Amino acid sequence: MTPDTADRPQMSVEDFEELARRAPRELRTRLKFLGGKLCIRHGPLDVDEFEELAAVAPETVRLEYINGKVRVKAMPDGNHTSIYMWLLRQCMQQRPDLDLAPERGVKAEAYRKGRARTDGFLAPVDHFTGHREWSDPDGALMAVEITSHDHDTDTDQRDRIDKPIGYAAADIPVYLLVDRDNNTVTVFSEPKDGRYQQASSYPWGATVAVPHPVGITLDTEKLKNYAD
């Protein structure tokens, strides 16, 4: 995290007000905007309440439910989008039988109690046909997260700690983390008992082998163009 990100709000006052206006009546009074962050009064929401809130959120507010807490995910900037497109091209070239769906919601964590918005979710072609906002993880091969700088003060906890646990608990075979703070690519694999048994980090510029069942090799030299 760059030094000034801690001083930036998760969302604008206008976005919060719009979210509160759209929220179901029984949830409206539980929403609070404190220090630039979305807070929940009177204890945490349960997963059904979260889905109700997320369903009515404005397009500029992307909500997740991670480790029992409502989180606000930053909107992607240009470098974030370029990194996603770089990965998409490599996946399409090496595995044309798979789709890398952007910004796909997934039911994560044990017993599918989490709701994560992946930056990319890799699965067989047409796997997501007929799915609603939140997909079951069954049959998907890889979740992808690309860290954000933009007013995202929860990156360390969410992308580097909570999401590896949540994706492993949902038995997603591979979690790929492109870390823009550290200029690294980390490959988590072999989920067992709610934890990935393998986690290997590589500097941008290295050749990264993404293991079975994904089975692709990433040339990460181009990521250096997106350092910021």
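Things worth noting here:
- ALA209 open to solvent by less than 10 Å² (accessible area, probe 1.4 Å), of a type in the set (Gly, Ala, Ser) and assigned to a strand (DSSP E or B): no
- Residue match in the stretch 118-131 (condition: over 18 Å from ILE165 (Cα atoms), over 18 Å from the mean Cα position of the chain (by Cα) and part of a helix (DSSP H, G or I)): no
- Qualifying positions in the stretch 104-152 - on the phi > 0 side of the Ramachandran plot and touching a helix residue (DSSP H, G or I) at 6+ places or on another chain (Cβ under 9 Å): GLU109, TYR111, ARG112, HIS151
- Filter result for the condition that a residue is outside any loop (DSSP other than H, G, I, E, B), of a type in the set (Gly, Ala, Ser) and surrounded by 13 or more Cβ atoms within 10 Å (Cβ to Cβ), over SER148, SER189: SER189
- Among the residues of the stretch 79-111, the ones that are part of a helix (DSSP H, G or I), modelled with pLDDT of 95 or more and not β-branched (Val, Ile, Thr) come to 14 in all.
- Candidate set: the stretch 163-185, residues that are in contact with a helix residue (DSSP H, G or I) (Cβ under 8 Å, 6 or more places away or on another chain) and more than 18 Å from PRO137 (Cβ to Cβ); chosen: the one surrounded by the most Cβ atoms within 10 Å (Cβ to Cβ): VAL178
- For the stretch 154-161, the count of residues that are touching a Leu at 6+ places or on another chain (Cβ under 9 Å), open to solvent by 30 Å² or more (accessible area, probe 1.4 Å), of a type in the set (D, E, K, R) and under 24 Å from MET11 (Cβ atoms) is at least one.
- Cross-chain or 6+ apart pairs with Cβ under 6 Å, the stretch 186-207 first and on the phi < 0 side of the Ramachandran plot, then part of a loop (DSSP other than H, G, I, E, B): SER189/PRO211; PRO191/ASP171; TRP204/ASN183; TRP204/THR220; ALA206/THR220
- Index of the failed condition, VAL72 passing every other in (1) modelled with pLDDT of 95 or more; (2) β-branched (Val, Ile, Thr); (3) surrounded by 16 or more Cβ atoms within 10 Å (Cβ to Cβ); (4) closer than 23 Å to PRO102 by Cβ: (1)
- When restricted to residues that are crowded, with 22+ Cβ neighbours inside 10 Å and either closer than 16 Å to GLU51 by Cα or in contact (Cβ under 8 Å) with a residue 40 or more places away in the chain (or both), the stretch 121-133 contains 1.
The values are calculated or read from the model by the stated rules, or taken from the named source; none is laboratory data. All of these numbers come straight from a predicted model, not from anything done at the bench. Cβ atoms come from the backbone with ideal geometry, glycine included; neighbour counts cover every protein chain shown. Keep in mind that these areas ignore ligands, DNA and RNA; they rest on the heavy atoms of the full protein, side chains included. Shrake-Rupley method; radii C 1.70, N 1.55, O 1.52, S 1.80 Å.
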